[in-house]
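Here the structure is laid out as structure tokens; the discussion comes afterwards.
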Amino acid sequence: MSLGTARETGLAPAPAPAGGQSSTSPTARSLWRAGRGVLLVALIVLVGAVGVALLSGRPGEGRPLDPADTSLSGGRALAQLLRAHGVRVTRVTSAAEALTAAGSGDGTLLLGDTSFLTDEDAARLAVMPVDRLVIGSQPYLKLFAPGVTSTKTARSRSREPRCGLPAATRAGSAYLGGAVLNAPAGAARCYPSGDGPTLVRYSAGPWTVTVVGSGDFMSNLRLAEDGNAALALNLTGAKPSVIWLTAPEVVPRTPGGQRAQSFYDLVPAGVKWGVAQLVLAVVLLALWQGRRLGPVVTERLPVVVRAAETVEGRARLYRARRARDRAAAALRAGFIDRITPRLGLPSAAGPDAKVGAIAERTGQAAMHVGSALYGPPPADEAGLIALAAYLDMLERQVRES
């Protein structure tokens, strides 16, 4: 809706620029130019830190069937499962700790990696008054499981128990393989491969000895497959406690007995200081050469918008939003601002004085003049146009009187 010129509408026009405008907002390109040097340095430092972390990582991470290890080959899941069923799990790393943890003897000794044991330690463990679960073909297999030998291996895969051992038949199929076992007479032979069983169990006096060809079914990776969890629980959780022997974590050493050096240890000290100084120099250079926001720059506006276009634009906005009340208020305010000096009235004159003076100068009824100046807003666009025309007529009559 167009309400005519600025004089006819009473809308205050936008003032024309006084010759320029201050530019205070940096552009995206200027910000990129200012920060790309710092970003490049940060990227170089980050890549270097990641490289050092990868090169200095510990080679011993991922310990097979360690009850405290959460890697795929570890045994943390089985240990937690045993504890959930009320079985006490004690992790030991030496024969002395195992003997201390055995206590009254009502438990199961789980033997995984025993390559770190001495002959004396192995002999002490072999006479412990507990059940034994031996994993794989151990260096001391004949000592821990007398009568059991292994000369062949079988591929690990899902196998059926095919035996009468309750611990195996209740679990069903399991991921067994590894060492193929030869067992003494009377032993239960389960999960057979083409060359022999991969799990055997027999009694040695009052104790039970169980040997499995591989402990993969007990690992974190395989425990949830087939009946692996049930078989592992049946073999290890029959007694109130499990003494879980695992190899101690040792720092790799050279043949001379000294600790093996890492990549970081092999770097000369002078190189380390040189790299540190180079990083510091690059950071200082980036701070020195980096772009900064300078003083405010004054720029001329590329386009001068005429007041009439501003008024028409505001009128279109009023029309789009159906803001007839705002448009009427702008018309009335502009009319009063222009007509009050012509009537000889002060700007602080009240509505009654202004209405009376206009009615006296124009001969219009005071009621009509008051309704036009201070009445309710028009109900529709036709009423708004009529109001604009009436105010224009009043202004013309005052000017000509």
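Cβ crowding within 10 Å ranks K354, K142 as K142, K354, fewest other Cβ atoms first.
The order of T246, T310, T100, going from fewest to most other C-beta atoms within 10 Å of their C-beta, is T100, T310, T246. Along the axis of the charge dipole computed for the stretch 306-400 (Cβ charges of +1 for Lys and Arg, -1 for Asp and Glu, origin at the Cα centre), the listed residues P376, A366, A308 are led at the positive end by A308.
Near D113, the amide H atoms lying under 5 Å from its own belong to A247; only residues 5 or more places off or on other chains count, and H is placed 1.01 Å from N.
Dividing the Cα radius of gyration of the stretch 76-245 by its Kirkwood radius returns 0.93 for Rg/Rh. Taking a sphere under 14 Å around the Cβ of R321 and counting the other residues whose Cβ falls inside, with K and R at +1 and D and E at -1, yields a net charge of +4.
Computed on the Cα atoms alone, the convex hull of the stretch 306-400 gives a volume of 104 cubic angstrom per residue. Of the residues F335, F144, F217, F116, the one with the fewest other Cβ atoms within 10 Å heads the list, and the complete ranking is F116, F144, F335, F217. If every alpha-carbon in the stretch 334-384 counts as one equal scatterer, what log10 I(q)/I(0) does Debye give at q = 0.27, 0.32 1/Å? Log-scaled intensity ratios, in q order: -1.08, -1.28.
All of the numbers you see were taken from the coordinates with simple rules; none came from a lab. Worth saying up front: this structure is predicted, and the values here are computed from it rather than measured. Heads up, the Cβs are rebuilt from the backbone with ideal geometry, glycines too, and the neighbour counts pull from every protein chain shown.
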